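Below: one structure, written as structure tokens.
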Amino acid sequence: MSALMTTTNRSALNRFAYRLLGVVAVTGAALTLSLATPVQAQGQGTKIGFVNTERILRDSAPAKAAQSKIENEFKKRAEDLEKQVNNLRSMAQKLEKDAPVLSESERNKRQRELANIDADLQRKRREIQEDSSRRRNEEFATIIEKANAAIKRIAETDSYDIVIQDAVTVNPRVDITDKVIQALGK
């Protein structure tokens, strides 16, 4: 199954998740700041929180459950594909072994057959990857919605003025990712 979860799929998913969470976080932050009273702006410091989206999508209980669910959904298809790939390898080895005694037309016929099977297997692999990626996006969109709700609750409960996500450098004292992961686990 690890072949199905390519780095490209993870990167595309992470970019999607970051943008979705970022839009909500920035919108919420702008709303929070626009509602702040002048006294808060003049007399008190701004309370800032940070959330690491990648950790939420990797370490939270819903993310782990979603990953397991997706792997189980695609396990049979991946195993079937692997059996077909092994069969193709066996056929290729047989052709290589038999090539010296085959006529040129028979050898060409078998090579075309192997090429057709290989193209079909590549198409099936792409379909599985696309379907898996689509399912991951669906599952992670739900997790992101829940994470955004948890972030909002934490921000309101703990009186954060702004919560940002995925910054270049962050002081660990403002990182509330663990609180969000715990809230998602409930």
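Out of the range 149-185, which residues are surrounded by 21 or more Cβ atoms within 10 Å (Cβ to Cβ) and within 17 Å of ALA65 (Cβ to Cβ)?
Across the range 149-185, the qualifying residues are ALA150, VAL180, ILE181.
Is it true that some residue in the range 67-76 is free of Cβ contacts under 8 Å to residues at least 12 places away in the same chain, more than 30 Å from GLU156 (Cα to Cα), not charged (D, E, K, R) and not in a helix (DSSP H, G or I)?
no
Find the residue count for the range 136-186, including only residues that are among the charged types (D, E, K, R) and more than 19 Å from ARG58 (Cα to Cα).
First, pick out the residues of the range 136-186 that are among the charged types (D, E, K, R): 136, 138-139, 145-146, 152-153, 156, 158, 161, 166, 173, 175, 178-179, 186.
Then keep just the ones that are more than 19 Å from ARG58 (Cα to Cα); that gives 152-153, 156, 158, 161, 173.
Counting residues in the range 136-186 that are among the charged types (D, E, K, R) and more than 19 Å from ARG58 (Cα to Cα) gives 6.
Residues being assigned to a loop (DSSP other than H, G, I, E, B) and among the charged types (D, E, K, R): count how many of those fall in the range 47-64. Explain how you work it out, then say what you get.
Here is the first cut: in the range 47-64, the ones assigned to a loop (DSSP other than H, G, I, E, B) are 47, 52, 60.
Narrowing the set further to residues that are among the charged types (D, E, K, R) leaves 47.
Qualifying residue count for the region: 1.
Being under 28 Å from GLY185 (Cβ atoms) and either open to solvent by 90 Å² or more (accessible area, probe 1.4 Å) or in contact with a Cys (Cβ under 7 Å, 6 or more places away or on another chain) (or both) narrows it down to one of LYS94, LYS146, so name that one.
LYS146
Answer yes if at least one residue in the range 119-134 is farther than 22 Å from LYS83 by Cβ, open to solvent by 50 Å² or more (accessible area, probe 1.4 Å) and not basic (Lys, Arg), and no otherwise. Spell out the reasoning first.
Filtering the range 119-134 down to residues farther than 22 Å from LYS83 by Cβ leaves 133-134.
Among the residues that remain, those that are also open to solvent by 50 Å² or more (accessible area, probe 1.4 Å) are: 134.
Pick out the ones that are also not basic (Lys, Arg) and you get none.
For the range 119-134, residues farther than 22 Å from LYS83 by Cβ, open to solvent by 50 Å² or more (accessible area, probe 1.4 Å) and not basic (Lys, Arg): absent.
Table: residues versus (1) modelled with pLDDT under 95; (2) aliphatic (A, V, I, L, M); (3) farther than 19 Å from LYS76 by Cα; (4) not in a helix (DSSP H, G or I).
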residue: PRO100; (1), (2), (3), (4): yes, no, yes, no
residue: LYS109; (1), (2), (3), (4): yes, no, yes, no
residue: ALA119; (1), (2), (3), (4): no, yes, yes, no
residue: ARG123; (1), (2), (3), (4): no, no, no, no
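So ASP161 ticks every box in (1) modelled with pLDDT under 95; (2) charged (D, E, K, R); (3) under 22 Å from the mean Cα position of the chain (by Cα) but one. Which box is left unticked?
Looking at each condition in turn, ASP161 falls short on (3).
Is it true that ASN86 is within 31 Å of the chain's Cα centre (by Cα), of a type in the set (S, T, N, Q) and under 27 Å from GLN129 (Cα atoms)?
Numbers: within 31 Å of the chain's Cα centre (by Cα): yes; of a type in the set (S, T, N, Q): yes; under 27 Å from GLN129 (Cα atoms): yes.
Yes: the conditions hold for ASN86.
The values are calculated or read from the model by the stated rules, or taken from the named source; none is laboratory data. Here the structure is a predicted model, which means the values were calculated and not measured. Please note: Cβ atoms are built from the backbone with ideal geometry, for glycine as well, and neighbour counts cover all protein chains shown. Side chains are part of the model used for accessible areas, which takes the heavy atoms of the whole protein and leaves out ligands, DNA and RNA. Shrake-Rupley method; radii C 1.70, N 1.55, O 1.52, S 1.80 Å.
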